[in-house]
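Below: one structure, written as structure tokens.
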Amino acid sequence: MTLLDFSALREVDDDLDPELRAAAHLGAPAPRLVVENLRVSFRTPDGERPVVRGLSFSLGAGECVAIVGESGSGKSVSARSLVGLTGRGSVVHVDRLEILGADARALSSRAWRRLRGRHVGFVLQDALVSLDPLRAVGRELDEALRLHGRAPRAERRRSAVELLRRVGVPRPEERARLRPDELSGGLRQRALIATAIAHDPEIVIADEPTTALDATVQAHVLAELDAMRARGTAVILISHDLSVVARLADRIVVMRGGEVVESGPAARLLGRPEHPYTQRLVAAVPGLETRGRALSPEGAEGPSAALPEAAPGDGPLDPPVVLEARGLVKAFASRGARGAAPLRAVDDVSFTLHAGETLGIVGESGSGKSTTARLALGFSEPEEGEVIVLGAPWSRVPEARRRPLRPRLAVVAQDPLSTFDPRWTVGRILGDALPRAVRRDPRARAAAVRRLLDDVGLPAGDGSVLGRFPLTLSGGQRQRVAIARALATEPAIIVLDEAVSALDVTIQAQILDLLLDLQRERDLAYLFISHDLGVIGHVSDRVLVMQHGRVVEQGPTERVLRAPEHPYTQELVASILPAPRPSNPPPGRKDPS
Amino acid sequence: MTRSSWARPAVRIVGNAVGVLVGAATAAFLAQTALPGDRATAILNIRAGQAELRTPEELAPITAEFGLDRPLWQQYADYLLGLVRGDLGTSYLQFRPVGAIIGEQLGATVVLAITAIAIAWMLMVVWIVATGGRGPRLTALGSLVDVTTAALPAYWLGIILLLVFALGLGWFPVLGDGTPLSLVLPALTLAIPLAGFLAQATRTEFERALEQPFALSARMRGQSDLGVRLGHVLRHASLPAISLSGWALGATLSGAVVVESIFSRPGIGQVLVSAVSSQDLPVVVGVVVLTAAFYVAANLLVDLASALVDPRQRAA
């Protein structure tokens, strides 16, 4: 029915450029999109700074091309220049750019506007900010429908609801009246996709469409994109995440620093990457299969990387328990109606953590994993149950009694920047975290800070980060400084709350290698919280799966992830396909044609 | 929105409004009683226009008329009760209820103030949409104009407008004759600096919103630049200016005096000036209380408008 509506809309629009319309209607066998030698640079006070140097590919109906790269690789800028929205101060050169058979280099800004939304749909990441936060999603859809059609208001309203239904939003009439901040992350991302496909565009460009989404939601969104591809839409997928791309792409273009380092069919590129950078990217994806080996080339050079992973219970003596949680309950007054039952954010959670062991806590947003971390850290008090740290009571005791043990427990957060004083140098941040005795002696302090930097692989001599401010550090450097600060008090336990979630995959690989090296050297116990099953599978000895505040499954990582027992764990595991491995090519889709 | 989500803020807002009004009225009353010397003597002297000592026989009717022999708290209670009934007291000089004196002139001022704010908003919106986020040069020019107009003094601007458009070009009447045409120049005099002020508050937010992903998203859907600016960005950027408009309404009311005398318009400004110079305190107090009431009403409107523009505020 919807399809009929849209074809009706399409027929009334007769003021489209004739050549464009001809190509669109005839469904010409020619590729829908051809790019040859795309170059983009930005004008800066110091001259032009190139960000894309020569991107070429072509895309046919029902195909998916993925552009993969890390932040700063130029992948998003490339995608934007394909719809003529590169941004202020940009200079775009391209030898050939054909969209639906028409030369897009000659298009007027009016013709571009007709193309966007109608023939090329674009999905940005993070629907919370990519949909107008002051509008109901139904109105946003209405705008999309109104821009290229002449349907009356009532009909547009029906179409909007129908679109939401098509992208898998349950109860669409109701949801159309809600604003993005009133919808869950998955629903609003689908609403954003709905605005991009309102006119059944022949080409859909999705820029990191699943970043920041939970695994199961990500799987749904990717399935929706795949369904569109199967219906004949040409899809361009932009992502930093190879495991996302592996599920959808027919061909992959790998970009780095604005240059294409490798491109080719997905199965070949993921199975037998040729360029060292691609090999590095593929090797950096963590998962169950990568346990016990380094993810980054730098990690492989370290002598400790060759050591077998010490599993608890391997030796004759069990390592001592350093942290124990018994029947933890934490409730919050729920928002909205008064008198409603308080929300049990953590509900009867028990676990033990041994020295030298990593316990992974995995779950989606709102599952209570961060609240569990706060309870373990003694930042908030459980309503029921207790926490025991190194044999001493930790919960429901005065902070003064916790204080002597505080140095033994450290934390690394997802966003280290917000945990640094922006006006302090790295040297001061680290110096301040040292034990008092060391902190007071300037010489011991300087030596200790330098040792910490060395421990986390940051240069302590020439090119040292000591005098720099947190804002001027890269994401990886910041996380290393955060880890160094956590190490300053020689802790026994480190709580890592989504500590690698915001990092690019190769940086994430380096940080994971570093963490595992440190663990082996110092017998550290990690409470490792992540929504990413791949990361959990790589680092954890045992894993704890949380849903709605409860532990639904708990056990050795291999067992839980290979043979999940609880239906929720099964769903979680099913939502991630095995990461691409050089040795065994990913299953991929059958025949791309 | 359910009813309960509106009820609680409504009670709080009305409570605040009543608090502000009672506070202003009390301050005005205390100022009246703090006048040096005997109040009855002061009133008689003001009426006679000369300062001299009065005999008790002369003072008796005044004391009786204004109830000055009763304890202060009783006078205060009477005063507040009068306010609730809409009675602002009696003018020392004109022997008439203050309410009537102000009422005659109020309409002209309110029309002027509201027209001025409406024009200020129109100027600001056009100016910001035209120059906001259009590269460093236009931004610099835009900000320069914002600051310059915001700093223009009303007496200077009013006289210039009068000289050029009324006396020079003859497009508008020189004197306020009550026609809509005679409203244009006084309203512009108030509106131009206000527009600059509002534009300053809006510009930063407008440029920030223009760079937001949702604006890019709208362009990706085929929305035109103007459509993005008017349909998405302006709404986000207008919130600070809406908050300022509440203040502006009150300030325009009390600031109307200069404009009204330049353009010889009737209005509350004239009333206030003559009352202050002749020490006709009940009239001054009446204007003060009324201005406070306007501030309160304007802020209620602002809260309502902000909630309409940004529905997220309702939840908070």
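Quick notes on this one:
- Ellipsoid equivalent to chain A - semi-axes via the Cα gyration tensor, in Å: 46, 29, 23
- For a paramagnetic label modelled on A:R146 (point 7 Å from Cα along Cα→Cβ), amide N atoms under 15 Å away are absent within segment A:164-183.
- DSSP beta bridge pairing in segment A:446-574, given as percent antiparallel to the nearest 5: 55
- Relative to the current alpha-carbon distance between B:L226 and B:D87, full extension at 0.36 nm per residue lengthens the span by 44.9 nm.
- C-alpha center-to-center spacing [segment B:60-86, segment A:53-83] in angstrom: 81
- Accessible area per residue for segment B:137-242, computed on protein heavy atoms with a 1.4 Å probe, is 43 Å².
- The order of A:S108, A:S78 by accessible area, most exposed first and with a 1.4 Å probe, is A:S108, A:S78.
- Solvent-accessible area lost in complex, 30 Å² minimum, residues of segment A:79-127 relative to chain alone, 1.4 Å: A:L85, A:R88, A:R113, A:R116, A:F122, A:L124
- FRET efficiency, 1/(1 + (r/R0)^6) with R0 35 Å, evaluated for B:A48 and B:L163 via beta carbons: 0.25
- A Förster radius of 60 Å combined with the Cβ-Cβ distance from A:E274 to A:A444 puts the calculated FRET efficiency at roughly 0.75.
- Shown for segment A:320-575: the carbon plus sulfur share of the solvent-accessible area, taken with all protein chains present and a 1.4 angstrom probe, equals 51%.
- When chains A and B come together, the accessible area they lose, probed at 1.4 Å and totalled over both chains, is close to 2300 Å².
- Modelled spin-label separation between B:V174 and A:D421, with each label point placed 7 Å from Cα along the Cα-to-Cβ direction: 6.8 nm.
- Cα shape, chain B, gyration tensor, a/c 1.5 rule: oblate
- Heavy-atom accessible area ranking, 1.4 Å probe, most first, across A:E174, A:E140: A:E174, A:E140
- Here's how it looks for A:E259: its modeled amide H is under 5 Å from those of A:R53, which are all 5 or more places away or on a different chain.
- Accessible area of A:R374 in the full protein assembly, 1.4 Å probe (Å², nearest 10): 110
- Heavy atoms of B:I101: accessible area, 1.4 Å probe, square angstrom to 10: 10
- Inter-site label distance for A:E383 and B:V18 at 7 Å from Cα along Cβ, in nm: 3.7
- Fully extending the segment from A:E174 to A:E289 would add 37.0 nm, taking 0.36 nm per residue of separation and subtracting the current Cα-Cα distance.
- Near the amide H of B:T90, within less than 5 Å, lie the amide hydrogens of B:V98, all on another chain or at least 5 residues away, with H placed in the peptide plane.
- Under the span-like rule (Cα at least 24 Å along the axis, Kyte-Doolittle mean at least 1.6), DSSP H helices of chain B: B:98-131, B:281-309
- Beta bridges assigned by DSSP with both partners in the protein assembly as shown are antiparallel in approximately 55 percent of cases.
- Counting protein heavy atoms only, segment A:2-283 has 49 percent of its accessible area on carbon and sulfur, 1.4 angstrom probe.
- Segment B:120-173, accessible surface, carbon-and-sulfur percent (1.4 angstrom probe): 80
- Residues A:T472, B:T291, ordered by accessible area of protein heavy atoms at a 1.4 angstrom probe radius and largest first, appear as A:T472, B:T291.
- Difference of contour (0.36 nm per residue) and Cα-Cα distance, B:Y76 to B:S274: 68.7 nm
- Taking every protein chain into account, the 1.4 Å probe leaves A:R157 with about 150 Å² of accessible area, to the nearest ten.
- Accessible-area loss of 30 Å² or more (1.4 Å probe, protein heavy atoms, chain alone versus all protein chains) is found in segment B:296-314 for B:P311, B:R312.
- Angle between chain A longest axis and helix A:505-522 axis [Cα atoms, degrees, rounded to 10]: 10
- Annotation for B:S261 and A:L471: the two label points, set 7 Å from Cα along the Cα-Cβ direction, are 4.9 nm apart.
- Among beta bridges that DSSP assigns inside segment A:320-575, antiparallel share in %, nearest 5: 55
- Amide hydrogen neighbours beyond the local backbone of A:A410, cut-off 5 Å, H modeled: A:I493, A:I494, A:V495
- Prolate is the label for segment A:320-575, because a/c, from the alpha-carbon gyration tensor with a ≥ b ≥ c as root eigenvalues, is 1.5 or above and a/b exceeds b/c.
- For segment B:17-85: accessible area per residue (Å², 1.4 Å): 60
- Surface per residue (accessible, 1.4 Å probe) for segment A:2-283, Å²: 39
- Helical content of the protein assembly as shown, expressed as a calculated mean residue ellipticity at 222 nm, amounts to -15500 deg cm²/dmol (DSSP H runs of 4 or more residues, -39,500 (n - 2.57) each, divided by residue number, nearest 500).
The values are calculated or read from the model by the stated rules, or taken from the named source; none is laboratory data. In this text the structure is predicted, and so the values were computed from the model without any measurement. Note: ideal-geometry Cβ built from the backbone for every residue, glycine included; neighbour counts use all protein chains shown. The accessibility values were calculated without ligands, DNA or RNA, using every heavy atom of the protein model including side chains. Shrake-Rupley method; radii C 1.70, N 1.55, O 1.52, S 1.80 Å.
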